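Encoded as structure tokens, the structure appears first; notes follow it.
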Amino acid sequence: MVETVSSTLEKPIKASVNYLNFYYGGKVHALKDINMPVSEKQVTALIGPSGCGKTTLLRCFNRMHDLYPGNRYRGEIALQPDGINLLSNKVDPIEVRMRISMVFQRPNPFPKSIYENVAYGLRVRGESKRGVIDEKVEKALRDSALWNEVKDRLNDLAFNLSGGQQQRLCIARALATDPEIILFDEPTSALDPIATASIEELIVQLKKTVTILIVTHNMQQAARVSDYTAFMYLGELVEFDMTEDIFNHPSKPQTADYVSGRFG
Ligand SMILES: Nc1ncnc2c1ncn2[C@@H]1O[C@H](COP(=O)(O)OP(=O)(O)O)[C@@H](O)[C@H]1O
Ligand SMILES: [Mg+2]
């Protein structure tokens, strides 16, 4: 069977980006009329040359831009099934960040123990029962493929872990509060090839339970881990399709040039 974008729509949509525009400081028009679906429990990759707006788009999903005054959104990101517009000023960004968590380019654990890094978000959410926290910390560490490596040293400082382990700890931290979507911004760009492979494997595992959006400048990585790919250029979404189609038969010449390495 030939798969087309219409089969995309057979998967439930977790979020839809509708005519999204974003302005830095009210001046730099960094995203221009972006429209795309994010399928539930699938991996969607954002690719494109440096400066095209990948990080900017990703950060709209958890309202990170609200941390700086003067930034402005127009359009919407509708989160399903309730359909709320994440960008509405009636929606509390803190609440959004509970539902949509983020993993950054460089591992950024807190200067705390391995255990406390994962427990932190649970405590912030008001969980105080030691037994519940223990259980959730273990589950998050298992789900991030770190448990066996750290179970005997949970009270060690997180900084004593290797780079790849620190990044998996950040993933455990993101998972602990049961987010609906996890955003990854070039999560392996600071890691060696072995640590990169383990993070990629983990991302593929995680989509069984959570929706994933990943920015990568590494096209092979997008091809390996994602189900859908959005190619962006100069703040616009040039093409969105199943990853296989974006890489094997893109419909726009700009996409073809980019995925074949002719520019970017
Ligand atoms: N804080 C900022 N203030 C003003 N312009 C910014 C800021 N951050 C990024 N930009 C601009 O927005 C555009 C998109 O950047 P970005 O989303 O970081 O691209 P990418 O992640 O694809 O490399 C670029 O032109 C960049 O210079
Ligand atoms: Mg970026």
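The values are calculated or read from the model by the stated rules, or taken from the named source; none is laboratory data. What you are looking at is a predicted structure, and each value in this text was computed from that prediction instead of being measured. Because the Cβ atoms are built from the backbone with ideal geometry, glycine has one as well, and the counts that use them run over all protein chains shown. Side chains are part of the model used for accessible areas, which takes the heavy atoms of the whole protein and leaves out ligands, DNA and RNA. Shrake-Rupley method; radii C 1.70, N 1.55, O 1.52, S 1.80 Å.
Of note:
- Subset tally (residues that are modelled with pLDDT of 95 or more and either polar (S, T, N, Q) or within 16 Å of ligand 1 (Cβ to nearest atom) (or both)) for region 1-46: 22
- Of the residues in region 24-37, not one is within 13 Å of ligand 2 (Cβ to nearest atom), closer than 24 Å to E95 by Cα and open to solvent by 20 Å² or more (accessible area, probe 1.4 Å).
- Condition met for A176 (surrounded by 20 or more Cβ atoms within 10 Å (Cβ to Cβ), touching a Gly at 6+ places or on another chain (Cβ under 6 Å) and hydrophobic (A, V, I, L, M, F, W, C)): yes
- Single match in R63, R97, R59 (criterion: under 29 Å from F159 (Cα atoms) and either within 15 Å of ligand 2 (Cβ to nearest atom) or exposed (fewer than 13 other Cβ atoms within 10 Å of the Cβ) (or both)): R59
- Output for region 148-163, where each listed residue is among the polar types (S, T, N, Q) and either open to solvent by 90 Å² or more (accessible area, probe 1.4 Å) or more than 22 Å from Q105 (Cα to Cα) (or both): N148, N155, N160
- Qualifying positions in region 181-196 - within 11 Å of the chain's Cα centre (by Cα) and either closer than 12 Å to V210 by Cα or open to solvent by 10 Å² or more (accessible area, probe 1.4 Å) (or both): I181, I182, L183, E186
- The residue pairs whose first member lies in region 52-65 and is without any contact (Cβ under 8 Å) to a residue 60 or more places away in the chain, whose second member is β-branched (V, I, T) and more than 8 Å from ligand 1 (Cβ to nearest atom), and whose beta carbons are closer than 9 Å, counting only pairs six or more residues apart or on different chains, are C60/V17; C60/I34; C60/I77; R63/V91; R63/I94; R63/V96; R63/I100.
- Top-ranked residue in region 86-100 [being modelled with pLDDT of 95 or more and under 15 Å from I181 (Cβ atoms); ranked as farthest from ligand 1 (Cβ to nearest atom)]: V91
- Condition broken by H249, with the remaining ones in (1) farther than 23 Å from K41 by Cβ; (2) open to solvent by 20 Å² or more (accessible area, probe 1.4 Å); (3) within 16 Å of ligand 1 (Cβ to nearest atom) satisfied: (3)
- Each residue in region 197-235 was checked for being open to solvent by 10 Å² or more (accessible area, probe 1.4 Å), within 16 Å of ligand 1 (Cβ to nearest atom) and among the aliphatic types (A, V, I, L, M), and 2 of them qualify.
- Any chance I133 is crowded, with 20+ Cβ neighbours inside 10 Å and either over 23 Å from K11 (Cβ atoms) or in contact (Cβ under 8 Å) with a residue 40 or more places away in the chain (or both): no
- Matching residues in region 38-56 - criterion: being over 19 Å from A174 (Cα atoms), within 16 Å of ligand 2 (Cβ to nearest atom) and open to solvent by less than 30 Å² (accessible area, probe 1.4 Å): L46, I47, G48, P49, C52, G53, K54, T56
- Test: residue in region 101-116 that is of a type outside the set (D, E, K, R), open to solvent by 60 Å² or more (accessible area, probe 1.4 Å) and part of a helix (DSSP H, G or I): no
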